[in-house]
Amino acid sequence: MYVMTDHFTLLAIDVADNTLMQVRSLTLAETRQLIDVDPTEASRLEAELPRSGEQGIAMTSGPLTGYRYVRSNTPGAFHLFKEQFVRATPEMGPVLCDAAVASRWETFTLVSPEDVETYFQVHGRGGEAFGERVRTLIEQRTPVCLHLGCGPRRIKGFLNIDNYAGFGDPTDYFLFDIVEKPWPIPDSSVDYIYSEDFIEHIPQRAQVAVLAEAFRVLKTNCFHRISTPCLVASMKKHSDFSKGFLGVYFGEFDNWSHISVFTRGMMTDLAQVIGYRQVFFTAKSHGSSPHAVADLRPGGDRDEQTGNIYADLLK
């Protein structure tokens, strides 16, 4: 049984110094190995689960020996504790044991060997499989809808794409790096593109590339919907600019691993220079396309109506 974080990042151990590391795929350097919890140990932990939030029994075998298994409020999930909670912040390599309170980024789940085998079989040819699936849908005259940076959320009827290891049901999930490679699908072949809390996690260079590639593959009169945190709303709510540097709310970047956050003006300018005819700003779960789905974000971390920008880019 392997261990992964809330957002499909697997834990590995550095053989040289016993340091816990995060990896985004199963291809490891020779100096690292995946953390493998013995099935017997996992069964024992499940059988002796403490109540939520309490420190459980310590693991007694494998790379996590000495770590305590702390039950989470999320079914099937747990926290790791060793004097403090283990923190696996997204996009950071080292895993730190420095959190006083366990939260979303300190949540772990077990991955079965069967799921790992499925990963190798299904996701090893992600780009090729992605292109084949699009061509099949076109031949079947079925709408092609893409869900970019899907993370753990899978939308039925969409092609869900990410560059994280996608464990679980592999149906219409494709392991493909959409920010670094041209998409292996034809021009003007896609009916709808959707992303939610994704584009702010990639650098500006990649943002331009993704918007341009989305424009290329979209059919005319179709929409690319983007839900992303609003920089203006965040700064307005949390910053005191009269204090200068000390008054800036850096939590918008540091707490969520945001790299480049949009305003409505920035979104409009970039979309229009790429070639989108118009940008419509709507409300949560009020997409302009007939293929639109409900927006799940934001949650309790920001205002549900003003905390995010809901932008429908029309080609």
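For segment 257-315, name all the residues that are farther than 20 Å from residue 149 by Cα, touching a helix residue (DSSP H, G or I) at 6+ places or on another chain (Cβ under 7 Å) and either surrounded by 20 or more Cβ atoms within 10 Å (Cβ to Cβ) or of a type in the set (A, V, I, L, M) (or both).
Of everything in segment 257-315, those that are farther than 20 Å from residue 149 by Cα, touching a helix residue (DSSP H, G or I) at 6+ places or on another chain (Cβ under 7 Å) and either surrounded by 20 or more Cβ atoms within 10 Å (Cβ to Cβ) or of a type in the set (A, V, I, L, M) (or both) turn out to be 274, 276, 279, 315.
Per-residue answers, yes or no, for (1) among the basic types (Lys, Arg); (2) farther than 24 Å from residue 305 by Cα; (3) in contact with a Phe, Trp or Tyr (Cβ under 7 Å, 6 or more places away or on another chain):
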| position | (1), (2), (3) |
| --- | --- |
| 213 | no, yes, yes |
| 218 | no, yes, no |
| 224 | no, no, no |
| 227 | no, no, yes |
| 239 | no, no, yes |
| 246 | no, yes, no |
| 251 | no, no, no |
| 256 | no, no, no |
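Those residues that are in contact (Cβ under 8 Å) with a residue 24 or more places away in the chain and either out of contact with any Leu (no Cβ under 8 Å at 6 or more places or on another chain) or within 14 Å of residue 197 (Cβ to Cβ) (or both), I need them from segment 302-315; list them, please.
Correct list: 302, 303, 306, 307, 308, 309, 310, 311, 312, 314.
Can you find a residue that is hydroxyl-bearing (Ser, Thr, Tyr) and touching a residue at least 24 places away in the same chain (Cβ under 8 Å) anywhere in segment 76-92?
Looking only at segment 76-92, we keep the residues that are hydroxyl-bearing (Ser, Thr, Tyr), and these are 89.
Within this subset, residues satisfying the condition of being touching a residue at least 24 places away in the same chain (Cβ under 8 Å) are 89.
The answer is yes; a qualifying residue exists.
I need the strands (runs of 3 or more DSSP E) fully contained in segment 93-197, keeping only those with at least 2 residues that are surrounded by fewer than 20 Cβ atoms within 10 Å (Cβ to Cβ). Before you say what the answer is, go through the steps one by one.
Values: elements: 96-99, 108-111, 145-148, 159-162, 173-175, 190-196.
Passing ranges, in order: 96-99, 108-111.
Quick note: the coordinates plus some simple rules give every number you see, no bench work behind them. Since the structure is predicted, the reported quantities are computational estimates derived from the model, not experimental observations. Methodologically, a virtual Cβ is constructed for each residue, glycine included, from the backbone with ideal geometry; neighbour enumeration extends over all protein chains shown.
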